[in-house]
1. Hey, which of the helices (runs of 4 or more DSSP H) in segment 22-84, taking only ones fully inside, have at least 3 residues that are within 24 Å of GLU120 (Cβ to Cβ) and either touching an Asp or Glu at 6+ places or on another chain (Cβ under 9 Å) or in contact (Cβ under 8 Å) with a residue 24 or more places away in the chain (or both)?
2. Scan segment 357-378 and give yes if some residue there is closer than 30 Å to GLY274 by Cα, among the aliphatic types (A, V, I, L, M) and either in contact (Cβ under 8 Å) with a residue 60 or more places away in the chain or open to solvent by 10 Å² or more (accessible area, probe 1.4 Å) (or both), otherwise no.
3. Quick one: what pairs do we get from segment 141-160, first residue closer than 18 Å to LEU121 by Cα and assigned to a helix (DSSP H, G or I), second open to solvent by less than 50 Å² (accessible area, probe 1.4 Å) and modelled with pLDDT of 90 or more, C-beta under 8 Å, 6+ apart or different chains?
4. Check ILE327, ILE311, ILE297, ILE288 and return the single one that is among the β-branched types (Val, Ile, Thr) and open to solvent by 10 Å² or more (accessible area, probe 1.4 Å).
5. Scan segment 85-121 for residues that are part of a helix (DSSP H, G or I), touching a strand residue (DSSP E or B) at 6+ places or on another chain (Cβ under 9 Å) and either among the charged types (D, E, K, R) or buried (at least 18 other Cβ atoms within 10 Å of the Cβ) (or both) and jot them down.
6. Are any residues in segment 64-79 open to solvent by 60 Å² or more (accessible area, probe 1.4 Å) and touching a Leu at 6+ places or on another chain (Cβ under 8 Å), and if so, which ones?
7. Restricting to segment 285-307, name every residue that is part of a helix (DSSP H, G or I), in contact with a Leu (Cβ under 9 Å, 6 or more places away or on another chain) and in contact (Cβ under 8 Å) with a residue 40 or more places away in the chain.
Amino acid sequence: MVMDTSKPVIMVAPIKATGLSEDQKGFARGITESMISTFGSYNGLRVLSSSTSYYSEKTNMTDQAIRNEYGVNFIIRGSMQVMGKNARLNLEISDLKIGEIVEAKKRDFILDDIFKVQDELSDEILEILQIDLESGSHQKMWVSRFDSMQDFTKFLNWIRLFRTYDPKNHQKAQEILDDLRRQYDKEHTTMYVLESWQIYQRLGMDLSSNKERDLERLEYIVNRNIELHPDNSDAYLPRALIGLAYFGLSCEEAIADINTAEKNGSNQETLLIGSGVYRQCGQVEKAIERLQEILKIVPNDPGWFQTGFLITLLYWNGQHDEIYSTIGQKIEVSDMHPNVLAIYSILEFKKGNKSKAVEYYIRAQTNGFNNNRLGSIEDDDIKKDAFKTLDEIKKISKLL
């Protein structure tokens, strides 16, 4: 079976069509290819090629065989019936893990509108996948703040790039943000939120070419966003965390901003940023509780970002057994967060399992680990011990 990752794997089965004339029979394949292209625009999904889809149909593969052979989580199936100029397109999502259809869409239309309709239905299916499988229900609010599904998809791609905390991906995220800002009002609340986090990361990664200018801009937009949009809970989150780091905000003030953001109910973002605030304020147990809550309410953890943060804090807090119980068999996935792999390496080394420690260390390096990634650990003694242990593991790995 294909090794699982944090990305749901999607297969678009060939669209089945009835009632088409000879010169219309390419429509079905065109719809299939277009849907694959639409879903492939979002890098939070892994979409199999049309050749794989047509091969599975030609060889009459069962759903279980498709899941086992290709690691497919969801299949999009569709059918189109045509009578004269009238047509109906049906699409459905099947969850191969539970063996059930979990969503269905239907649209009646005039055949001349086929490409418009298939685009609309593809966008609707993509939105379902993005919200229900990837982001959690809170993202339904984010959808309403964009003019199109294409822009919402760009936003989600920005999130994934941002959360890698990688200089190259930071630049790619900046390019997405620049593209979006050209399309929206300069004081659009979501653009202010994204710009706040982008500058914050640029400063944190020491990529700023003008720190004074960036800090001035950052302080302006985090406060301006709240001034203009006091009812937007997400506007308070940047000020809470960034204010602690750069603008002398007290823990009481930062936590008050988190509480204000949560008036509409806890969601993924308030829990995540709140965990960062509590971490900086030395309340690691509260930070851990919030991250654990995220993993309960969000069905999928893109790039294992929240998981990596949680495991780092559990290590800081000495909860080593809980690290193993939280991760379990997921430690074998190919794109596991580098922090998790590095911490597993440290723990196995301290148990005397040096070969296993080296294996995890090499995987952590492959997945982008560097010492800056353990910055969430505020205790200097624990952090120094971690770096010392990793240095020892590194030396051993060079001897093998």
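The values are calculated or read from the model by the stated rules, or taken from the named source; none is laboratory data. Source: prediction; values computed, not measured. All Cβ positions, even for glycine, are placed from backbone atoms using ideal geometry, and neighbour counts span all protein chains on display. Surface accessibility is based on the protein's heavy atoms, side chains included, excluding ligands, DNA and RNA. Shrake-Rupley method; radii C 1.70, N 1.55, O 1.52, S 1.80 Å.
1. Here the list reads 26-40.
2. Within segment 357-378 (the criterion being closer than 30 Å to GLY274 by Cα, among the aliphatic types (A, V, I, L, M) and either in contact (Cβ under 8 Å) with a residue 60 or more places away in the chain or open to solvent by 10 Å² or more (accessible area, probe 1.4 Å) (or both)), the answer is yes, since at least one residue qualifies.
3. Filtered contacts from segment 141-160: ASP151/LEU180.
4. ILE297
5. Across segment 85-121, the qualifying residues are ASP113, ILE114, LYS116, VAL117, GLN118, GLU120, LEU121.
6. Scanning segment 64-79 gives GLN64, ARG77.
7. Across segment 285-307, the qualifying residues are ILE297, PRO302, PHE305.
Here is a yes/no grid of residues against (1) modelled with pLDDT under 90; (2) under 28 Å from ILE346 (Cα atoms):
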site	(1), (2)
ARG224	no, no
GLU253	no, no
ASN259	no, no
LEU272	no, yes
GLN280	no, yes
GLN283	no, yes
GLN292	no, yes
ASP301	yes, yes
